[in-house]
Amino acid sequence: MTDEETIYDDELTDDLLPAGIPTGGDGELYEHFRVTVDKGQEPVRIDKFLFERMQHSSRNRIQKAADAGFIHVNGSPARSNYKVRPEDVITLMLDRPRHDNTIEAEDIPLDIVYEDDVLMIINKPAGLVVHPGAGNFHGTLINAIAWHLKGMPSFDPNDPEVGLVHRIDKDTSGLLVVAKTPDAKTALGKQFFNKTTHRSYNALVWGNFTEDEGRIEGNIARDPKDRLRMTVFPPDSEVGKPAVTHYRVMERFGYTTLIECILETGRTHQIRAHMRHIGHPLFGDERYGGTEILRGQRSSSYKSFIRNCLQLCNRQALHARTLGFVHPVTGRQMDFTSDLPADLAALIGKWRGFISGQSLADA
């Protein structure tokens, strides 16, 4: 499916298509989504085809949109049972304009670790969305970068040829690289593609590991039962994209473990999905089950301890700690390290105290 081209904006979110979808009427329709079907695509129902490509949409909602006349194929409305053909042009046409995706500069503080004429390294706090999207069109890292670089005439935050080279999740903290020029973004992008960059993460996960290090390999794709979550499929399957995560135990706390993760690939939610797949969800990761008490005691004091931990660090315990690459202009190796943020450091300290107390009780 490498020839497939996808352009999306708001998609079929609940805000766009409430339960009672209008029939469209004779008013003007606006394009919100476009996909050109791959040349090798086999016949498949259009609702199934779009469900696999629209991140925020349910199949039922897509069917309703099609039956209401909002799904078009080659310019004409198509029903939900239409079977797509190679090179079909499928569009979502809604009776309201698209959200204006123009990125505006906003005065949001940035923790800049390094900066020169062609790139900058930012230490992103947890809770900050990286890029505008459905439900988050303002207050993002991109808006903050636009403000910081507003005095640089050659930098256009709306130009995809500059800006963020990679992303991390909203509730993940840590290091990101931003390219100020198209040449820098191309050069850095090639390093990420060729896996010559070095990225490591620190994570607190549920459970103890038998081994001190390991390798997880499994294709990652969107979970058909929860479109906001990724799931893992066998490496030899044709579902999802190949993904490899290496991990190393840094510190054991009995019921949880502090690990270092090194990525061979950079898939959406890769560490979060891979760790859940092997039975070690990230502590505090609500989307992947990490806010449940998955290991430990049944006592009320232990349950209280876990509640306190979740309040202390109320997000997935994941931090992009190191980032290394070759500078696109000087050719020098650049390596950066970010200290653990206060919430994650406090969480780890609390587990250390818990284990220390347990050891004293057993003595």
T2 vs (1) modelled with pLDDT of 90 or more; (2) of a type in the set (S, T, N, Q); (3) open to solvent by 80 Å² or more (accessible area, probe 1.4 Å): all pass except (1)
Can you work out which of the residues in the stretch 125-147 that are farther than 22 Å from M334 by Cα and open to solvent by 50 Å² or more (accessible area, probe 1.4 Å) is farthest from the chain's Cα centre (by Cα)? W147
Please go through the stretch 157-177 and give me each residue that is touching a residue at least 40 places away in the same chain (Cβ under 8 Å), surrounded by 17 or more Cβ atoms within 10 Å (Cβ to Cβ) and over 27 Å from C313 (Cα atoms), ordered by number. P157
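Residue by residue, here is whether (1) under 19 Å from A317 (Cα atoms); (2) in contact (Cβ under 8 Å) with a residue 12 or more places away in the chain; (3) basic (K, R) holds:
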residue: Y201; (1), (2), (3): yes, yes, no
residue: V205; (1), (2), (3): yes, yes, no
residue: A221; (1), (2), (3): no, yes, no
residue: K225; (1), (2), (3): no, no, yes
residue: M230; (1), (2), (3): yes, yes, no
residue: P235; (1), (2), (3): no, yes, no
residue: G240; (1), (2), (3): no, yes, no
It is to be established whether one or more residues within the stretch 302-316 are buried (at least 22 other Cβ atoms within 10 Å of the Cβ), within 25 Å of K195 (Cβ to Cβ) and touching a residue at least 24 places away in the same chain (Cβ under 8 Å). yes
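Residues checked against (1) modelled with pLDDT of 95 or more; (2) of a type in the set (F, W, Y); (3) in contact with a helix residue (DSSP H, G or I) (Cβ under 9 Å, 6 or more places away or on another chain):
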residue: L228; (1), (2), (3): no, no, yes
residue: H246; (1), (2), (3): yes, no, no
residue: V249; (1), (2), (3): yes, no, no
residue: R252; (1), (2), (3): yes, no, yes
residue: T257; (1), (2), (3): yes, no, no
residue: G266; (1), (2), (3): no, no, yes
residue: H269; (1), (2), (3): no, no, yes
Within the stretch 150-174, track down each residue that is of a type outside the set (A, V, I, L, M, F, W, C), in a loop (DSSP other than H, G, I, E, B) and within 11 Å of K185 (Cα to Cα). P160, E161, H166
Select from the stretch 195-225 the residues that are small (G, A, S), more than 17 Å from L258 (Cα to Cα) and not in a strand (DSSP E or B) and list them in ascending order. G218
If I filter the stretch 299-314 for residues that are among the aliphatic types (A, V, I, L, M), under 22 Å from L128 (Cα atoms) and not in a strand (DSSP E or B), do I get at least one hit? yes
From the option list R276, R267, R248, single residue qualifying as basic (K, R), out of contact with any strand residue (DSSP E or B) (no Cβ under 6 Å at 6 or more places or on another chain) and open to solvent by 60 Å² or more (accessible area, probe 1.4 Å) is R276
Does the stretch 347-357 contain any residue that is open to solvent by 80 Å² or more (accessible area, probe 1.4 Å), outside any strand (DSSP E or B), of a type in the set (A, V, I, L, M) and touching a residue at least 60 places away in the same chain (Cβ under 8 Å)? no
Residue in the stretch 215-230 that is among the acidic types (D, E), open to solvent by less than 60 Å² (accessible area, probe 1.4 Å) and in contact with a Ser or Thr (Cβ under 7 Å, 6 or more places away or on another chain) present: yes
Search result, residues across the stretch 226-269 that are hydroxyl-bearing (S, T, Y) and not in a strand (DSSP E or B): S237, Y255, T265, T268
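The values are calculated or read from the model by the stated rules, or taken from the named source; none is laboratory data. Just so you know, these numbers come straight off a predicted model, no measurement behind them. Using ideal geometry, Cβ is built from the backbone for each residue, glycine included, and neighbour counts are taken over all protein chains shown. Just so you know, the surface numbers come from the protein's heavy atoms only, side chains and all, with ligands and any DNA or RNA stripped out. Shrake-Rupley method; radii C 1.70, N 1.55, O 1.52, S 1.80 Å.
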